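Before any comments, here is the structure.
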C-alpha cells in the first residue's frame, strides 16, 4: 500500500493510517448499500401491495382459511383415508414414472452437453458457446409451456409431459454438471490422451469416475424436483397424480379428503426419494 | 498451571490418547514429539476443547477446563490459543481482519458480523504484526501470503487473544526449513518475552531439542518419555518412534542450523554407548 519498504514505528503508523482509511471507506460503502437495500425493499413492497388485486393486508388474515377447511374436512372423513391412499397409488406411480424417465433422458443429454461446454474437456472448443446457449434456451423454457404446446400437438397424456420435463432437465442439470466439471482434475485426462485415447474414452474413463458422485447427487435432487413438476403438469392434462389433485382440490366439490390423501402420497414419495438418494450417494462416494 | 489427569480419548475402537497424566507449570515451553498417529494432535485438541476427552479431566489453575460448557468454555478457548499445521485462517479476508478474529470472544456477535472492531484493536493488531515482522502485509488478503507468513499471521491471531496458554499443533510441518526456523524462533521469542506457556507438537527431534524446555514423547497414545531435552538420547528417540537401529536423526532433520549440532550430538550419544 505504502511506498516505504521496511519495518519501524514511523512506517507502522503509516500502515495503521492506511488500513484505517481503507476500513472507513469499506464501512461507508456497506452502509450505503444497506440503506439502498432497505429503501428498495420498502419501495418494492409498496408497489407490489398497490398492484395486488385483493389487497395484501385485508387478505392476510384469511391465508389459512383454505388449508384449515381442507384439514378439517380431511379429519372429519378420516375413515376414508386408507382407501383414498390406495386409490391414488396408480396415479402416483404414473407421475413418478414420468419424472424418472425424464430425469434419466435429461441427465444423459446433460452429461454430454456439459462435457461439450466445459473448457479443457470440450470435443470442439470453438463450439463451447453454442452448447452453452443451447442449455440456456432449454433451461429458460418453462416445462409447462412446452407441455402445453406438445399436448396441443400430440394430445394429452404422459408422453408430452415427459418430453417437456426432459428438455428442461437437460438444461438445468447441464448447468450444474458443467460446474462439477470445472472442479474436475485435468491431469487424468491428459494421462489418457498421452496413451492415445479417443475423446469418448477420455471422458468415459478419465472424467466420469471423478464426477459421477456429484452427477448422481444432482440428478437425484432433480428427480425430486421433477416429481413435483410432473404433478403440476397433470393440472394441464398430462395425466398422473396432478390431474387427480386438480379434480379433488377445486373449491366446493367436497373432496378435500381425497386432496389430503394425494398430499400425503406426494410427501411420502419425496421423503422416500430423499432417503434413497442419500443412501446411494453415500455408497457411491464410499466406493471411491 | 496446566494439569492433565488420566486423560483418555477413544475414536470407536481406537484409543488415540491413553491415560495421559502430565503437569505443565506456568511459563514452560513443552515440546510433544511422536510419530504420526501417536495422539499428539488429539491431546492438544482436547486441551483447547475442540474435542472432548472420553475419560479423565483437564485442570488449569484449579478450575476444571474439561467440565466447562457454553460461554465459560468459549472463554477458556480465548485463554488457550491454538496454532494449526494448516494455519486455519480465513484465506479471503485481509491479514488484519484475521488477526482481529483473536478478539471475537470479547466482542458482541452483531458488531463482529459487520466487522465493527474498535480502533485500538486494529492498532494493536498492526503492532503485533509489526512485532512479528509482517506489518507490511497488513492490508493484503491472507491467501496471497507465503506459508511462513501465514503461520505468523496465525501466531498474531493467537497473541491478539492475549492467551495464558498457546497450543501449537505441528506449526512448522507445512513449511520449508527457512520458514520453519522463522516460525519457531517467533514462538520461542514470545515465550521468552511474554512468559506464556507454550505446548508445541513437533515431529522432528532436533526442533524439540533446540527450542523446548521440556520434551514429552508419545507413542500409541501413551506418554513414554517426559524430561529435559538433554535426556533425550538416541535410544529413547528410537523407542518413541518405534524405530530400529537404522533410525538416524540427521536424516529426518528439516532444520538448517541444527543439522550440524544434531549430528554431533548423535555422535556424542553413540560415543557414550
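Scanning region B:41-74 for residues that are closer than 16 Å to residue B:26 by Cβ and surrounded by 15 or more Cβ atoms within 10 Å (Cβ to Cβ) yields B:47, B:58, B:59, B:60, B:65.
Check region A:10-19 and report whether any residue there is loosely packed, with under 10 Cβ neighbours inside 10 Å, within 14 Å of chain B (Cβ to nearest Cβ) and free of Cβ contacts under 8 Å to residues at least 12 places away in the same chain. Checked region A:10-19: at least one residue is loosely packed, with under 10 Cβ neighbours inside 10 Å, within 14 Å of chain B (Cβ to nearest Cβ) and free of Cβ contacts under 8 Å to residues at least 12 places away in the same chain. Considering (1) in contact (Cβ under 8 Å) with a residue 60 or more places away in the chain; (2) facing chain A (nearest Cβ under 9 Å), the lone condition that residue B:87 does not fulfil carries the number (2). Among the conditions (1) in a loop (DSSP other than H, G, I, E, B); (2) more than 25 Å from residue B:61 (Cβ to Cβ); (3) out of contact with any strand residue (DSSP E or B) (no Cβ under 6 Å at 6 or more places or on another chain), the only one that residue B:139 does not satisfy is (3).
Condition test on residue B:150, is it out of contact with any strand residue (DSSP E or B) (no Cβ under 9 Å at 6 or more places or on another chain), in contact (Cβ under 8 Å) with a residue 60 or more places away in the chain and either over 18 Å from residue B:88 (Cβ atoms) or away from chain A (no Cβ under 14 Å) (or both)? Yes: the conditions hold for residue B:150.
Does residue A:156 qualify as being in a loop (DSSP other than H, G, I, E, B) and more than 22 Å from residue A:212 (Cα to Cα)? Considered against the rule, which asks whether it is in a loop (DSSP other than H, G, I, E, B) and more than 22 Å from residue A:212 (Cα to Cα), residue A:156 comes out as yes. Can you find a residue that is modelled with pLDDT of 80 or more, within 11 Å of chain B (Cβ to nearest Cβ) and part of a helix (DSSP H, G or I) anywhere in region A:31-45? Within region A:31-45 (the criterion being modelled with pLDDT of 80 or more, within 11 Å of chain B (Cβ to nearest Cβ) and part of a helix (DSSP H, G or I)), the answer is yes, since at least one residue qualifies. Could you tell me whether any residue of region A:181-201 is modelled with pLDDT of 90 or more, within 19 Å of residue A:223 (Cβ to Cβ) and assigned to a helix (DSSP H, G or I)? Checked region A:181-201: no residue is modelled with pLDDT of 90 or more, within 19 Å of residue A:223 (Cβ to Cβ) and assigned to a helix (DSSP H, G or I).
Based on what the data block shows, is residue B:145 more than 9 Å from every other protein chain (Cβ to nearest Cβ), surrounded by 16 or more Cβ atoms within 10 Å (Cβ to Cβ) and under 19 Å from residue A:30 (Cβ atoms)? For residue B:145, the condition - more than 9 Å from every other protein chain (Cβ to nearest Cβ), surrounded by 16 or more Cβ atoms within 10 Å (Cβ to Cβ) and under 19 Å from residue A:30 (Cβ atoms) - is not met.
Applying the criterion of being over 17 Å from the mean Cα position of the chain (by Cα) and not in a loop (DSSP other than H, G, I, E, B) to the residues of region B:204-225, the residue that is surrounded by the most Cβ atoms within 10 Å (Cβ to Cβ) is B:223. Residues that are touching a residue at least 60 places away in the same chain (Cβ under 8 Å) and within 21 Å of residue B:79 (Cβ to Cβ): does region B:130-143 have at least one? Within region B:130-143, none of the residues are touching a residue at least 60 places away in the same chain (Cβ under 8 Å) and within 21 Å of residue B:79 (Cβ to Cβ). For the condition in a helix (DSSP H, G or I), touching a helix residue (DSSP H, G or I) at 6+ places or on another chain (Cβ under 7 Å), under 15 Å from residue B:166 (Cβ atoms) and in contact (Cβ under 8 Å) with a residue 24 or more places away in the chain, residue B:47 does not qualify. For the structure I just gave you, tell me whether residue B:77 is within 14 Å of chain A (Cβ to nearest Cβ), crowded, with 16+ Cβ neighbours inside 10 Å and touching a helix residue (DSSP H, G or I) at 6+ places or on another chain (Cβ under 9 Å). Against the criterion (within 14 Å of chain A (Cβ to nearest Cβ), crowded, with 16+ Cβ neighbours inside 10 Å and touching a helix residue (DSSP H, G or I) at 6+ places or on another chain (Cβ under 9 Å)), residue B:77 does not qualify.
Does region B:118-140 contain any residue that is away from chain A (no Cβ under 14 Å) and crowded, with 21+ Cβ neighbours inside 10 Å? No; the residues of region B:118-140 include none that is away from chain A (no Cβ under 14 Å) and crowded, with 21+ Cβ neighbours inside 10 Å. Does region B:159-177 contain at least one residue that is within 17 Å of residue B:195 (Cα to Cα), more than 14 Å from every other protein chain (Cβ to nearest Cβ), within 15 Å of the chain's Cα centre (by Cα) and surrounded by fewer than 19 Cβ atoms within 10 Å (Cβ to Cβ)? Yes, some residue in region B:159-177 is within 17 Å of residue B:195 (Cα to Cα), more than 14 Å from every other protein chain (Cβ to nearest Cβ), within 15 Å of the chain's Cα centre (by Cα) and surrounded by fewer than 19 Cβ atoms within 10 Å (Cβ to Cβ).
Condition check ((1) within 16 Å of residue A:83 (Cα to Cα); (2) modelled with pLDDT of 85 or more; (3) exposed (fewer than 15 other Cβ atoms within 10 Å of the Cβ)) across all residues:
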| residue | (1), (2), (3) |
| --- | --- |
| A:225 | no, yes, no |
| A:230 | no, yes, no |
| A:236 | no, no, no |
| A:241 | yes, yes, no |
| A:251 | no, no, yes |
| A:254 | no, no, yes |
| A:261 | yes, yes, no |
| A:267 | no, yes, yes |
| A:274 | no, no, yes |
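Can you pull out the residues in region B:102-117 that are farther than 16 Å from residue B:162 by Cα, more than 11 Å from chain A (Cβ to nearest Cβ) and not in a helix (DSSP H, G or I)? Once the filter is applied, which keeps residues that are farther than 16 Å from residue B:162 by Cα, more than 11 Å from chain A (Cβ to nearest Cβ) and not in a helix (DSSP H, G or I), region B:102-117 yields only B:108. Checking the conditions here, which among A:110, A:100, A:140 is under 17 Å from the mean Cα position of the chain (by Cα), under 30 Å from residue A:247 (Cα atoms) and either outside the structural domain of residue A:182 (by TED's automatic domain parsing) or surrounded by 14 or more Cβ atoms within 10 Å (Cβ to Cβ) (or both)? From the options A:110, A:100, A:140, the qualifying one is A:100.
The values are calculated or read from the model by the stated rules, or taken from the named source; none is laboratory data. Computed from a predicted structure; not experimentally measured. When we count neighbours, we look across all protein chains shown, and the Cβ atoms used for this are built from the backbone with ideal geometry, even at glycine.
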